[in-house]
Amino acid sequence: MPDSVVHTGRGRRSAASGRRARRALGATAAAVVLASGLAACGSGDSGVPQLDWYINPDSGGQAEIAARCTEAANGAYTISVSTLPRDSPSQREQLVRRLAANDSSIDIMSLDPPYIPEFAQAGFFAPMPAEVADEVTTDVVQSAIDGSTWDGELVTVPFWANTQLLWYRTSVAEAAGLDMTQPVTWDQLTQAAQDQQVRLGVQGIRSESLTVWLNALIESAGGSVIAENSTNPDDIQLGLDSEAGMRAAEVMRDISASGTGGPALSTANEDTTATDFEGDVGGFQVNYPFVYPRALGAVEAGTLDQSVVDDYGWALYPRVDADTETAPPYGGINLGVGAFSEHPDLAYDATRCITSTENQAYYFTSNGNPASDTAVYEDPEVLEAFPMAPTILESLELAVPRPQTPYYSEVSGGIQREYHPTAAIDPEQTPQDATELIQAVLRKDQLL
Amino acid sequence: MSTSTTAPPTGRTGASAPAQAPKKHISDRAKAERKLGWLLAGPALAVMLLVTAYPIAQAFYDSLFDYRLTDPENRSFTGLSNYLVVLTDQLWWQSVGVTLLITVVTVAVELVLGFGLALVMNKALKAIRPFLRAVILIPYAVITVVSAFAWQFAFDINTGFINSWFAWLPGVGADTDWFGDFGTSIFVVCLAEIWKTTPFISLLLLAGLAQVPEVLQEAAQVDGATWWQRMRRVTIPNMKAAIMVALLFRTLDAFRVFDSIFVMTAGANGTETVSFLAYRQTISRLEIGLGSAVSVLLFLSVVLIAFVFIKGFKVDLSQARGDS
């Protein structure tokens with residue numbers, strides 16, 4: 001009320017006292033906000049330590065597991081979840097920046113396996129107690145243990161393990177005369193898809209998906225993206241320009257040239273191929289197990305006919321050569337405990353709860369994310385929800401992680417730049433160009 | 001009408017002349033005013049230095065080092081070698097080319113469209129003018145990332161409607177993968193940028209149009225000038241300064257294009273722009289030194305563009321505030 005301030009002394013006093021009151025109120029409010037903000041860091045309302053778990057976005061499974069483990073902790077700690085960005089490179093970017101600044105709020109983090117060596121090499125993980133390491137590797141698929149290991153040491157806790165299967169329409173495979181009880185090759189599938197005029201769904205988009213595909217092809221052909229590993233970027237020897245590397249490039253080129261990958265192959269990701277597979281041109285696809293609950297969900301929503309899902313078949317990832325065992329992609333999420341956490345012991349304790357057989361079975365059936373714990377695959381509920389669970393387990397035992405190096409982003413980025421679009425791949429030239437580019441990038445002589 | 005007609009100098013322009021006089025005799029009042037000026041502008045200047053000059057200086061300092069974020073212990077001074085790596089890399093020049101292409105195409109189209117919209121807003125009936133302005137400004141109010149996603153979904157081969165709506169056009173069909181090669185990707189990126197920022201340019205041009213004295217228009221009309229002649233000889237010459245300011249602002253903005261590329265192509269098919277290149281070196285590769293060098297070069301490019309506009313085309317920035 002500015003008028004009363006000007007005209008009467010009484011008014012002035014009352015306005016001044018009002019201002020003081022407001023100031024006092026503001027200061028109190030600021031103190032309360034500050035105090036509650038400080039309380040939020042590190043411990044809960046009643047002095048119970050609070051663990052912050054940075055999760056990748058999912059269908060709510062990790063939040064539910066956090067609640068279950070908070071309850072199971074009986075007041076020893078509480079777990080709150082914070083959601084990271086959607087794609088794994090962005091998740092890594094956010095975590096790396098915060099950990100480089102010694103962020104103590106990161107107690108537990110859900111990590112995509114290829115980035116684990118980089119984090120471990122930079123000292124971003126708290127050392128794992130031996131008893132935890134023993135417990136979390138018992139009855140766990142080998143690929144998940146490999147993916148959690150760096151430099152011969154288990155640095156993260158295997159959580160859930162993903163792998164790609166070969167999904168096929170039973171009717172199409174029958175019409176093409178393919179015996180799906182036996183291993184099939186990429187060449188056979190390309191030919192069958194061409195003959196039956198259906199799609200062979202692969203992920204040709206310039207993203208991690210392309211590296212996943214190339215890595216699986218090279219490993220299936222008996223080679224490796226990294227032939228000789230090293231923590232010194234100058235000493236890393238690549239295996240792209242090898243017989244296996246050229247064979248992998250041939251498979252990619254042949255599928256692109258056949259047109260069976262569809263007109264949008266160069267932008268096709270896992271969702272695109274799953275959509276194509278559900279449609280009229282669906283024949284074959286390599287994809288993660290999420291495609292099955294996705295199709296069931298579509299049936300429930302009335303957008304897909306039940307007969308389509310009944311026609312779904314699954315088998316191990318295709319072979320590159322008939323006589324060489326396949327090496328399917330390995331993915332999933334492992335749990336790292338932040339090096340700057342104020343409660344690393346409690347955090348490791350929490351990871352044991354999070355990755356318990358019970359919680360992994362829950363996560364598998366509710367969110368469609370396969371377990372790394374082999375015992376889960378004997379759970380009747382899991383087998384009912386995922387009839388292909390035994391094939392997933394078999395695939396996980398054969399699966400091979402992507403190149404394990406602290407310089408994974410450079411290696412994967414270089415692959416994506418040279419092998420995209422797959423229609424332009426020259427098996428004689430592309431592996432050589434990619435090798436030269438990645439080595440120059442690792443030497444910091446070139447941009448990416 | 002063979003000559004352009006510009007507005008006569010106003011009293012205010014004339015009043016600014018003594019300010020350029022020799023600074024020998026500064027009165028107490030002038031001193032006090034100057035002091036007040038500094039006091040008023042000082043805090044803003046300090047904040048600007050803190051949030052703008054400091055990061056730029058820090059980026060320049062970082063660019064002189066071989067510095068990986070995950071390996072701070074092995075940080076080493078390398079002088080200007082990061083700049084050498086960037087400037088001798090074909091990818092840098094390719095990105096500069098793509099950025100220039102997007103800048104020239106979008107700014108040119110936006111200028112024409114924006115001018116048209118400004119004319120419509122200027123001449124619209126008073127009753128619908130506020131409504132019309134609000135409608136034209138809607139795209140500018142949309143967050144760039146959101147607009148980029150919207151355009152991506154529209155053109156996507158699976159989720160988009162463009163292929164079915166425009167199947168009658170030659171070259172467009174159900175199988176057209178807009179993000180599958182360079183030309184079509186850039187086309188969609190430019191389209192999204194134009195849609196998003198034309199309102200901005202039209203708003204600046206509207207301010208310029210409002211400055212054209214009505215008396216000149218009427219005089220030209222009495223002299224029998226056609227609409228086109230009035231546009232060329234009266235309207236445009238009188239709003240030249242506003243046009244140049246609009247062009248400068250939009251060019252600087254367009255040269256830093258990032259969001260649309262990030263969302264729509266992620267740099268695939270050779271669509272990397274300079275900003276995207278800086279992002280990839282700094283944020284993805286964590287090479288702070290190399291990425292800072294790219295950022296500094298991007299900054300210098302922007303400074304160069306501003307310099308060329310202000311000195312080369314004699315843009316008077318005070319026109320943006322309508323000070324003349």
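Between a first residue in segment B:167-195 that is more than 14 Å from every other protein chain (Cβ to nearest Cβ) and a second residue that is among the hydroxyl-bearing types (Ser, Thr, Tyr) and surrounded by fewer than 20 Cβ atoms within 10 Å (Cβ to Cβ), which pairs have beta carbons less than 8 Å apart while being 6 or more apart in sequence or on different chains?
none
Any residue at all in segment B:197-206 that is surrounded by fewer than 20 Cβ atoms within 10 Å (Cβ to Cβ), of a type in the set (A, V, I, L, M) and more than 14 Å from every other protein chain (Cβ to nearest Cβ)?
So in segment B:197-206, the residues surrounded by fewer than 20 Cβ atoms within 10 Å (Cβ to Cβ) come out as B:200, B:203.
Cutting the leftovers down to of a type in the set (A, V, I, L, M) gives us B:203.
Still in the list and also more than 14 Å from every other protein chain (Cβ to nearest Cβ): B:203.
Yes - at least one qualifying residue is present in segment B:197-206.
For segment A:114-163, give me each residue that is in a loop (DSSP other than H, G, I, E, B) and touching a Gly at 6+ places or on another chain (Cβ under 8 Å).
A:PHE124, A:ALA126, A:VAL155, A:THR156
Of all residues in segment B:84-110, which are surrounded by 19 or more Cβ atoms within 10 Å (Cβ to Cβ) and more than 10 Å from chain A (Cβ to nearest Cβ)?
Passing the criteria: B:VAL98, B:THR99, B:ILE102, B:THR103, B:THR106, B:VAL107, B:GLU110.
State all residues of segment A:80-108 that are within 21 Å of B:ARG285 (Cβ to Cβ) and acidic (Asp, Glu); if no residue qualifies, say none.
Passing the criteria: A:ASP87, A:GLU93, A:ASP103.
Within the bounds of segment A:171-181, is there any residue that is modelled with pLDDT of 95 or more, buried (at least 17 other Cβ atoms within 10 Å of the Cβ) and part of a strand (DSSP E or B)?
No, segment A:171-181 contains no residue that is modelled with pLDDT of 95 or more, buried (at least 17 other Cβ atoms within 10 Å of the Cβ) and part of a strand (DSSP E or B).
How about segment A:280-338: which strands (runs of 3 or more DSSP E) wholly inside it have at least 1 residues that are among the small types (Gly, Ala, Ser), more than 30 Å from A:ARG98 (Cβ to Cβ) and in contact (Cβ under 8 Å) with a residue 60 or more places away in the chain? Reasoning before the result, please.
Values: elements: A:282-287, A:312-315, A:330-337.
The qualifying strands (runs of 3 or more DSSP E) are A:282-287, A:312-315.
Return the total of residues in segment B:53-83 being under 13 Å from B:GLY291 (Cα atoms), within 11 Å of chain A (Cβ to nearest Cβ), of a type outside the set (Ser, Thr, Tyr) and not in a strand (DSSP E or B).
Number of matching residues: 2.
Would you be able to say whether some residue in segment A:72-79 is closer than 13 Å to A:ILE354 by Cβ and in a loop (DSSP other than H, G, I, E, B)?
yes
Yes or no, residue by residue, for (1) within 14 Å of another protein chain (Cβ to nearest Cβ); (2) within 16 Å of A:ARG402 (Cα to Cα):
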position: A:SER110; (1), (2): no, no
position: A:PHE119; (1), (2): yes, yes
position: A:MET128; (1), (2): no, no
position: A:GLU135; (1), (2): no, no
position: A:SER148; (1), (2): no, yes
position: A:VAL155; (1), (2): no, no
position: A:ARG169; (1), (2): no, no
position: A:ALA175; (1), (2): no, no
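Which of the residues spanning segment A:116-134 are buried (at least 17 other Cβ atoms within 10 Å of the Cβ), out of contact with any Leu (no Cβ under 8 Å at 6 or more places or on another chain) and either modelled with pLDDT under 95 or not small (Gly, Ala, Ser) (or both)?
A:ILE116, A:PRO117, A:GLU118, A:GLN121, A:PHE125, A:VAL132
Give segment B:112-153 a look and list any residue that's under 27 Å from B:ILE186 (Cβ atoms) and over 25 Å from the mean Cα position of the chain (by Cα), or say none.
Hit for segment B:112-153 is B:PHE153, nothing else.
Can you tell me which residue within segment A:312-344, out of those that are aliphatic (A, V, I, L, M) and more than 14 Å from A:GLN182 (Cβ to Cβ), is farthest from the chain's Cα centre (by Cα)?
So the residue we want is A:VAL320.
Is one or more of the residues making up segment B:151-161 in contact with a Lys or Arg (Cβ under 8 Å, 6 or more places away or on another chain) and in a loop (DSSP other than H, G, I, E, B)?
Within segment B:151-161, none of the residues are in contact with a Lys or Arg (Cβ under 8 Å, 6 or more places away or on another chain) and in a loop (DSSP other than H, G, I, E, B).
Of the residues B:VAL189, B:VAL120, B:VAL145, B:VAL135, which is crowded, with 20+ Cβ neighbours inside 10 Å and assigned to a helix (DSSP H, G or I)?
Answer to the check: B:VAL189.
The values are calculated or read from the model by the stated rules, or taken from the named source; none is laboratory data. Being a predicted model, the structure only gives us computed values, none of them experimental. For neighbour counting, all protein chains shown are included, and Cβ atoms are generated from backbone atoms with ideal geometry for every residue, glycine included.
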